[in-house]
Amino acid sequence: MFRFLAVLLTFSASVTISMATTPAACLCTASGTAVYSVEMEFFWRSPPPPPSAQGPHWSAMVGTTHSPCFTMYTPGMLASQGIKSMAEFGGTSSLFSEFRAAGADTRDGFSGSGVLQAQGTDTASGIKADRYHPLVSATSMIAPSPDWFSAARDINLCNNDTWRQSVTATLISYDAGTDSGLTYNARDAVTNPPQVIELLSNTTTRSDDFKAHNGDIMGELRFTLTSMTAEGGTPSPTCCKASGPSAGQSGQMGDGSTSVRNYANAGLVSLAILLVISVFSL
């Protein structure tokens, strides 16, 4: 006679995968409020704008100081309404609305007046940063164009416990993914569905004209510390806590790279052991 006994033992083990990396901007301990001036200089010269770029110019610079928990735009992600409006029409009001909607994660929005030629410099002053809002991002439309823009994001004005005297960043050029035109003066052609923000370079598939630039850098963003005040900033209730920014939200590190803020990603691992006991009896 054969008797077969199967015993299934199942147990669970809770495994925590730690991905803790506190963004550099969360480590800012500089006191007071730093006040900066900014220059956005445009280099649209090598090669010069093609004939299709009739009346080449730049829209008004727009940007804000912010916490590591605010992102103005992210390559590889869809553009916000504010970025879409800026990249297609040079609009600034939608971006300012997004700055305000971010609440305590933004500090001081600013804008310039634009540059009415291919080369020149847009300026703004009185831009305030504090330990809770040590990052700054800014952008401008490449005009005319379907939806192309140059920008720099998540520039860290803080160096641990001090404010940087000056900071320079390269303006990178992007396609916003909201208009399918391939040339500077192409007619409006709404991209449906919208595509993600993509780097414009000599290999881009979204621009016939921009390939001529061969990936050329089209501008530079420069911040200069002009004064200090004793006033502090208002911290975001969810950003840069002692254990790192709150879980479940994505943020940007001061060097522009994305920080992982799901610091404790707990997974339940179920292990099943099938114990087969065969008892033979005659």
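The values are calculated or read from the model by the stated rules, or taken from the named source; none is laboratory data. Here the structure is a predicted model, which means the values were calculated and not measured. Please note: Cβ atoms are built from the backbone with ideal geometry, for glycine as well, and neighbour counts cover all protein chains shown. The protein model used for the area step is the full one, side chains on, heavy atoms only, and it has no ligands, DNA or RNA in it. Shrake-Rupley method; radii C 1.70, N 1.55, O 1.52, S 1.80 Å.
Values for this structure:
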| read-out | value |
| --- | --- |
| Accessible area of Thr226 in the full protein assembly, 1.4 Å probe (Å², nearest 10) | 80 |
| Accessible area (Å², per residue) of the range 61-173, counting only protein heavy atoms and a probe of 1.4 Å | 35 |
| Three-way shape label, the range 104-164, alpha-carbon gyration tensor, a/c 1.5 | prolate |
| For peptides 176-188, 82-94, sequence by mean Cβ density within 10 Å, most packed first | 82-94, 176-188 |
| Carbon and sulfur %, accessible surface of the range 103-164 computed with the full protein complex present, 1.4 Å | 36 |
| Cα shape, the range 27-183, gyration tensor, a/c 1.5 rule | prolate |
| Shape of the range 64-154, Cα gyration tensor, a/c cut at 1.5 | oblate |
| C-alpha center-to-center spacing [the range 65-103, the range 104-160] in angstrom | 11 |
| Candidate residues Ile172, Ile127: accessible-area rank, largest first, probe 1.4 Å | Ile172, Ile127 |
| Heavy atoms of Glu231: accessible area, 1.4 Å probe, square angstrom to 10 | 80 |
